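The values are calculated or read from the model by the stated rules, or taken from the named source; none is laboratory data. These figures come from a predicted structure and were not determined experimentally. Here the Cβ positions follow ideal geometry from the backbone for every residue, glycine too, while neighbour counts run over all protein chains shown.
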Amino acid sequence: MNRSAKTSGSHGLAMMLTVFALTGCATNTAATLSSKRAAEEAAVLAATIARGDAALQAGRLDEALVQYIDAAEQDPKSDAALLRIAQLHESAGNMEPAIRALQLAAQRDLRQGLTPQRLGFLSLRVGDDEHAGQYFTQALELDSGLWPSRMGLGLIAEQSGDLESARRYYDDALTMQPKSAELLAYSARTHLALGNVERAREQVSLSLAITPSSAARLVWGDLRAQAGDYSHAFDSYQTVLTTPLAYQRVGERAMERNDYASAVKFLEAAARISPTYLETAHQRLAVAREYLAAGRR
């Protein structure tokens, strides 16, 4: 090979190495700029959310909502602001906007099933059992250990009258979270409806010992009424219900025992306190009086 060819080859190699070097520099520069821009955008998003949080803590709900909406628009991939919007609406009792915000959040990040689970419970609160069931099922597909979703499916089954399915869902959830006062109360309620009185008593007693809840107090009252202990049943009901509704519930439990004399007494008490608005008490009272007149006890 002559000198000219060698020189030409050396120049060609040098040019190629220069191009590669420049390309590498350009790539590194673009990556650095992209990383810097992402960091700046993240900082702006965090600052916007922080302003919303501060406004929320100060009780300026409208300002908080504006900041959260702004944050949700800044980053179409982040669900952080949408989750806050949902919580804000839920706290204010605005279930439909809360559900819409969570649905948008779920499109961005399912959070291993936690967002569908929240959607399930919000759907239950608005009476949409069908979608609630779908959300709970989706949540469990993402994380089978989400015991609240099993509890949610139990609530849906219980409300539809499928007590055996409800019991199974509650039992499954209890294997994961045996110390949930809420779950124990729901399970006890289902066992009582199925006639498993001792199991219901065990579970509701444990529930009340952990954290007394409205559901547990009602179940305890039902247990006492079922045993004919109407006085203690009324006391338990009255911790949750208004006085006329407590009398009405005792009367209804007495009717279930065919104790129509006691049913009339308690339903009359409910009707006296609320002579116009407690329509159910008046209806039950008419039935109890009819049975009593027919010679039943």
request  = Find the residue count for the range 194-223, including only residues that are crowded, with 20+ Cβ neighbours inside 10 Å and more than 18 Å from Ser180 (Cβ to Cβ).
outcome  = 3
query = Among the residues of the range 238-258, is any acidic (Asp, Glu), modelled with pLDDT of 95 or more and outside any helix (DSSP H, G or I)?
reply = no
key: Filter pass, Glu141 being in a helix (DSSP H, G or I), modelled with pLDDT of 95 or more, under 15 Å from the mean Cα position of the chain (by Cα) and under 25 Å from Leu82 (Cα atoms)   = no
query = Only one of (1) part of a helix (DSSP H, G or I); (2) surrounded by fewer than 18 Cβ atoms within 10 Å (Cβ to Cβ); (3) more than 34 Å from the chain's Cα centre (by Cα) fails for Ala263. Which number is that?
reply = (2)
inquiry  = Any residue at all in the range 169-180 that's of a type outside the set (Ser, Thr, Tyr), at negative phi, in contact with a Phe, Trp or Tyr (Cβ under 7 Å, 6 or more places away or on another chain) and not in a helix (DSSP H, G or I)?
reply    = yes
task = Of the numbered conditions (1) more than 30 Å from Pro148 (Cβ to Cβ); (2) in contact with a Leu (Cβ under 8 Å, 6 or more places away or on another chain); (3) among the hydrophobic types (A, V, I, L, M, F, W, C), Phe266 fails exactly one; give the number of that condition.
result = (2)
task = For the range 113-123, state whether one or more residues are buried (at least 17 other Cβ atoms within 10 Å of the Cβ), assigned to a helix (DSSP H, G or I) and either among the charged types (D, E, K, R) or free of Cβ contacts under 8 Å to residues at least 12 places away in the same chain (or both).
result = yes
note = Those residues of the range 159-188 which are exposed (fewer than 14 other Cβ atoms within 10 Å of the Cβ), in contact with a helix residue (DSSP H, G or I) (Cβ under 7 Å, 6 or more places away or on another chain) and either of a type in the set (A, V, I, L, M) or farther than 21 Å from Val126 by Cβ (or both) amount to Lys179
